[in-house]
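Right, one structure below, let's go through it.
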Amino acid sequence: FQNEINEVPFFDIQLPYELALKIFQYLGKAELGRCAQVSRTWKALAEDEVLWYRLCQQDGYLLGSSIAARSCWKLALKDCRAKERTLRTNWKNRIGTVSQLQYELGKILCDVHSCDGVVIAGYTSGAVRLWDTRAWDHTAPLLQAVQGPGDAGAPPHVSFVRINSALAAAAYEDGTVSVWSLMVGREPIHHFQHNQRIQALALGSEGALVATASGFEVKVESPDDRGFWQTTETFEIQKLVNFLNLVPDVTGRAVAVAAAEDVVYLLKSQDPSKVLHSVYGQPITCLDVSASQAAFGVKSFGWLLNEPNQILLYNLETSQCLKKLGNSLGDFSCVNLQDSPPNMLVTGNKDRRVRVYDLRQSESLCSLYGHPLGVSAVQMDDWKVVSGGEEGLVCVWDQRMGSKLWEMHARHPVRHLRFSSHSLITANVPDDKTPRGASLDDDDLTAHRKHRGIIYAYEFSAEQLPSESVLPICRSSYDEVAGYNYNIGLAVPYDDI
């Protein structure tokens with residue numbers, strides 16, 4: 001019937017079908033539903049696949065699909081919106097499954113990073129493990145390191161690990177860096193050495209760019225056109241780097257932002273040592289960058305009463321300060337700009353508060369209080385905020401209501417936190433890598449469980465069965481002969497005992 005329509009009646013005139021379709025493309029979902037009740041001709045026009053395909057794309061659903069991939073785009077949009085509502089309900093009511101990613105028994109967790117559900121972890125044994133939480137069996141393949149001729153002793157600890165969609169990188173205590181490809185195998189595709197300890201490691205969000213900071217030098221490694229890795233940029237700076245980030249650059253050139261004590265450097269190949277920000281006596285406490293902006297926390301001292309602790313926002317193209325956010329007595333310990341919605345920013349502070357800012361105004365939209373110690377990791381989306389604290393507490397907040405939805409607790413500080421629409425990865429990494437009185441070479445490893453870190457993977461997928469999707473109140477299996485009280489890890493809230 002739709003193919004036989006040549007002209008569509010519009011009150012006292014007849015319009016061609018293509019022209020009527022252009023008029024209807026300015027209507028929303030509710031308006032199209034009302035127009036579909038006018039007549040058979042308008043119903044066929046209001047249910048045109050082109051209109052509902054555009055509505056799907058505007059709402060962010062099935063972005064990689066073509067119009068020929070679905071037979072009914074109106075039904076596809078309805079299903080996508082129903083799944084989104086179910087996911088939001090699961091997040092709010094703590095309905096889902098949780099799995100513990102633990103492999104190196106007796107060894108202590110050093111650093112954790114994740115990207116699109118793939119988790120990388122480094123241990124004090126020098127081992128680097130991978131988990132793909134998107135698969136039902138959480139296998140943990142070992143990424144092999146390069147063995148030198150003098151590596152007869154104990155392997156060095158892992159200092160930093162990073163991962164993106166194609167590469168994984170790890171930096172060790174002895175100054176070595178290994179890079180693996182997630183598509184090739186477990187053998188490293190690149191390996192290089194620093195003479196001093198590595199202070200920071202950064203991996204590009206896309207592409208093959210690895211940046212390291214050691215001593216007073218920042219080095220950028222990347223492959224050439226033939227796939228051979230080489231040092232593309234070397235930057236000399238005057239202070240030791242505390243934070244290092246690679247800017248998601250669309251041109252393919254290496255652009256890095258490094259925070260060294262009280263100076264922030266913008267490192268480009270054209271201008272290798274450009275100072276983005278420098279105020280003597282005000283050290284940088286946290287850093288995050290997006291494609292065009294950089295946000296970092298600045299710590300002040302008591303004698304600078306007119307300059308409290310703030311978050312500064314800089315434009316990377318013009319090197320101008322856009323905003324000065326916050327007026328806090330505590331130090332800003334973490335900031336998330338890259339993963340936040342447009343014009344939004346979320347920060348964590350040592351005064352135990354999580355603050356959400358709109359970059360178009362200076363005052364915070366909301367201030368969330370719920371961590372006994374300082375906040376160590378934060379992330380937000382359009383309606384919720386997830387924060388981790390130094391005491392090991394992971395809190396999920398409703399950002400618009402300003403209320404806590406639920407919380408989970410583990411022993412050590414939360415050093416990594418990353419969530420998507422349906423999953424959440426948290427990592428509690430111990431500060432003490434060599435606990436006193438714990439011999440990690442003993443055969444009985446159960447006594448050392450309290451010293452090891454822990455990684456949790458939460459899944460709030462809409463496909464979970466209600467009977468199987470209640471997060472456990474107690475994580476102990478009660479299979480051990482001799483138990484300790486720290487083996488019984490209780491979760492909160494206690495709503496289903």
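Values for this structure:
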| read-out | value |
| --- | --- |
| For the stretch 318-334 versus the stretch 50-78, the gap between their alpha-carbon centres in whole angstrom | 41 |
| Local net charge near residue 227, Cβ-Cβ under 15 Å (Lys/Arg +1, Asp/Glu -1) | -3 |
| FRET E, pair residue 270, residue 173, Förster distance 35 Å, beta-carbon r, rounded to 0.05 | 0.55 |
| Potential extension, residue 186-residue 25 segment - 0.36 nm per residue separation minus Cα distance | 52.9 nm |
| Computed FRET value (nearest 0.05) for residue 196 with residue 343, which takes r as the C-beta separation and R₀ as 30 Å | 0.15 |
| Other-chain or far-sequence residues with amide H under 5 Å of residue 359's (modelled H) | 344, 345 |
| Accessible area (Å², 1.4 Å probe, nearest 10) - residue 401 | 150 |
| Cα gyration tensor category, rounded, prolate or oblate, for the stretch 156-308 with a/c compared to 1.5 | prolate |
| Calculated from backbone phi, Karplus (6.51, -1.76, 1.60) coupling profile of the stretch 327-332 in Hz, x at Gly/Pro | 7, 10, 7, x, 7, 6 |
| Loop-located chymotrypsin sites (Phe, Trp or Tyr not before Pro) in the stretch 83-143 whose Cβ has at most 12 other Cβ within 10 Å (DSSP) | 136 |
| Where labels lie 7 Å past Cα in the beta-carbon direction, separation of residue 404 and residue 105 in nm | 3.5 |
| Reachable lysines from residue 274, criterion Cα separation under 26 angstrom, eight or more residues apart if same chain | 219, 239, 299, 323, 324 |
| Label-point gap, in nm, between residue 226 and residue 58 - each point 7 angstrom along Cα→Cβ | 5.2 |
| Average accessible surface area per residue within the stretch 243-391, 1.4 Å rolling probe, Å² | 42 |
| Å² per residue, accessible surface of the stretch 17-91 at 1.4 Å | 61 |
| Accessible area (Å², 1.4 Å probe, nearest 10) - residue 316 | 10 |
| Rounded percent of accessible protein surface that carbon and sulfur make up, the stretch 94-459, 1.4 Å probe | 48 |
| Residue 40 paired with residue 322, simple spin-label distance in nm, labels 7 Å along Cα-to-beta-carbon | 5.5 |
| Whole-percent carbon and sulfur share, accessible surface of the stretch 17-91, 1.4 Å | 55 |
| Theoretical FRET efficiency, 1/(1+(r/R0)^6), r = Cβ-Cβ of residue 134 and residue 6, R0 41 Å, to 0.05 | 0.25 |
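The values are calculated or read from the model by the stated rules, or taken from the named source; none is laboratory data. Every value quoted in this text rests on a predicted model; they were computed, and no experiment measured them. Here the Cβ is made from the backbone with ideal geometry for all residues, glycine too, and neighbour counts use every protein chain on show. What goes into the accessible areas is simple: the full protein's heavy atoms, side chains included, and nothing from ligands, DNA or RNA. Shrake-Rupley method; radii C 1.70, N 1.55, O 1.52, S 1.80 Å.
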